[in-house]
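Notes to accompany the following structure.
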Amino acid sequence: MNIVLINHYAGSPEMGMEFRPYYFAREWVKKGHRVDIFAASYSHLRRVNPKVKHDFQEEVIDGIHYHWIKTIQYEGNGAKRAITMAQFVGKLWINAKKITKKFKPDAVITSSTYPLDTFVGQKIRRVSRKKIRLIHEVHDMWPSTLYEIGGMSRKHPFVVAMQIGEDSAYKHSDKVVSLLPYAEKYMRRHGLKKGKFVCIPNGIVEEEWDNPQKLSAQHADILQQLKDNGDFIVGYFGGHALSNALDVMIDTAKACTDKNIKFVLVGDGAEKARLMGRVRAEKIENTIFLPPVVKLEIPKLCEYFDCVFYCGTPSPLYRFGVCLNKMFDSMRAGKPSICALPLKRSYINDYNCGVCVDPGSVENIIQAIQKIKNMDIAEQRAMGKRGKKAVLDYFNYKSLSERFLRVLESVEE
């Protein structure tokens, strides 16, 4: 099968996020399929962006054919980012017939965060002489994110354009693959027909856990000292941004009276300096900040944690569910989770591999931590093993990629 995957922000392990297109494509290539990924030359998500001299410059990474569309650079979410969207989608739309003729796709997956790339996929299908499967993949709920979180007016031209794109994607795609498990009802209201919704979440890469990178001496020394002292470590790893709501973790640490519980935050971000300043000013002595680690160090980092903590800013978008990479990492690590997110249901509940708690109640969070701490070792390990088994069975990219292929194959030619 020839698969064309359109994702503005697609990356690779060397370049950085977004990883999902790479991991799916790599598995499909192993099975003998050809995958051509069309991505923009610049993404704010990548650590390193490719050096691109001209549009459709090709680069082969692990058997995957990347085709770079040259776009301008930008910072933040202003006009320049919108211009890159127009550049990316516009150039692909203009060249849709050439793409169809050269790559002869059997399936097209439109997968950028924003929904406008559906028009490219629809045009490729329209100009083709054969039946092409068209799959739309939803990472974030655009344009809902723009007006429910970003505060933009529903009548803003940018929001209106995204709404037109979203409705068109739901109406005209053969299937819609969503990372968010509870989005179908919303999508049905916007044109999706019954039976076209499929949830395929993110997951883990088993090879990265089988061959982890050694943790830096700085991290290992500090964490080992805590373990030698007999401390129970509540660990967090990831971004230190407003959306991560790490004040909740600091509030919890401040209110925690058990001196054998330590809170460790690993990562970086715009909020880190403020959070560290708050801990110093308020003399919160049970909280430790450590630098970020690379992705391959996470398995070794999690070995030191007794439970993994994550939280987030309350959002109406949580009604669609969440798909946090750190949730799957903590499950694979075999560590109980403290999920401080306002969710009616999550994978933590489904597999009984941690405790979900209201992020607005520090007292309840402390009780959840104490619940895990007071379990005997066998109970803690059993809770962790349930999460690990779920990840190995359902949330690894090998099995997820096979599920995605079955979606492609289920569309009638």
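The values are calculated or read from the model by the stated rules, or taken from the named source; none is laboratory data. All values derive from a computational prediction rather than experimental measurement. Glycine also receives a Cβ, built like all others from the backbone with ideal geometry; neighbour counts cover every protein chain displayed. Surface areas here come from the heavy atoms of the whole protein model, side chains and all, with no ligands, DNA or RNA. Shrake-Rupley method; radii C 1.70, N 1.55, O 1.52, S 1.80 Å.
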Regarding residue 42, is this residue out of contact with any strand residue (DSSP E or B) (no Cβ under 9 Å at 6 or more places or on another chain), within 30 Å of residue 203 (Cα to Cα) and not in a helix (DSSP H, G or I)?
yes
How about segment 275-315: which of its residues are charged (D, E, K, R) and farther than 30 Å from residue 149 by Cα?
280, 282, 283, 285, 297, 300, 303, 306
Evaluation of residue 409 against (1) crowded, with 16+ Cβ neighbours inside 10 Å; (2) in a helix (DSSP H, G or I); (3) at pLDDT below 95; (4) not aliphatic (A, V, I, L, M) (one fails), failing number:
(1)
Quick one: in segment 19-74, which of the residues that are in contact with a His (Cβ under 8 Å, 6 or more places away or on another chain) and aliphatic (A, V, I, L, M) is farthest from residue 102 (Cα to Cα)?
40
Against the condition modelled with pLDDT of 95 or more and under 19 Å from the mean Cα position of the chain (by Cα), how does residue 160 come out, does it pass?
no
Those residues that are surrounded by fewer than 17 Cβ atoms within 10 Å (Cβ to Cβ) and assigned to a helix (DSSP H, G or I), I need them from segment 76-92; list them, please.
79, 80, 82, 83, 86, 90
Can you spot a residue in segment 192-200 that is within 30 Å of residue 110 (Cβ to Cβ), touching a helix residue (DSSP H, G or I) at 6+ places or on another chain (Cβ under 7 Å), open to solvent by less than 60 Å² (accessible area, probe 1.4 Å) and part of a loop (DSSP other than H, G, I, E, B)?
yes
List the strands (runs of 3 or more DSSP E) that sit entirely inside segment 265-363 and contain at least 3 residues that are touching a residue at least 40 places away in the same chain (Cβ under 8 Å).
307-311, 337-340
Test: residue 223 is crowded, with 16+ Cβ neighbours inside 10 Å, at pLDDT 95 or above, in contact with a Leu (Cβ under 9 Å, 6 or more places away or on another chain) and farther than 30 Å from residue 150 by Cα
yes
In segment 370-382, which residues are open to solvent by 10 Å² or more (accessible area, probe 1.4 Å), touching a residue at least 12 places away in the same chain (Cβ under 8 Å) and within 23 Å of residue 299 (Cα to Cα)?
373, 380, 381
Members of segment 12-28 that are open to solvent by less than 40 Å² (accessible area, probe 1.4 Å) and in a helix (DSSP H, G or I)
20, 21, 22, 23, 24, 25, 27, 28
Can you confirm whether segment 249-263 contains a residue that is hydroxyl-bearing (Ser, Thr, Tyr), more than 22 Å from residue 303 (Cβ to Cβ) and modelled with pLDDT under 95?
no
Exactly one condition in (1) open to solvent by 50 Å² or more (accessible area, probe 1.4 Å); (2) charged (D, E, K, R); (3) within 20 Å of residue 385 (Cβ to Cβ) is not met by residue 326; state its number.
(1)
Quick one: which of 297, 282 is open to solvent by 60 Å² or more (accessible area, probe 1.4 Å) and among the charged types (D, E, K, R)?
282
Given (1) among the small types (Gly, Ala, Ser); (2) farther than 25 Å from residue 11 by Cβ; (3) touching a helix residue (DSSP H, G or I) at 6+ places or on another chain (Cβ under 6 Å), number of the condition residue 161 does not satisfy:
(3)
Starting from segment 8-33, take each residue that is within 25 Å of residue 83 (Cα to Cα) and without any contact (Cβ under 8 Å) to a residue 12 or more places away in the chain and list its partners that are of a type outside the set (Val, Ile, Thr) and open to solvent by less than 40 Å² (accessible area, probe 1.4 Å), counting only C-beta distances under 7 angstrom and pairs at least six apart or across chains.
19/11
Of everything in segment 143-174, what is surrounded by fewer than 18 Cβ atoms within 10 Å (Cβ to Cβ), closer than 30 Å to residue 410 by Cα and among the charged types (D, E, K, R)? Give them in sequence order.
167, 171
Is it the case that segment 113-121 has a residue that's modelled with pLDDT under 95 and of a type in the set (Asp, Glu)?
no
Look through 173, 153, 168, 178 and report the one residue that is of a type in the set (Ser, Thr, Tyr) and touching a Pro at 6+ places or on another chain (Cβ under 8 Å).
168
Kindly indicate the residue of segment 109-140 that is surrounded by fewer than 23 Cβ atoms within 10 Å (Cβ to Cβ) and part of a loop (DSSP other than H, G, I, E, B) and also farthest from the chain's Cα centre (by Cα) among those meeting that condition.
129
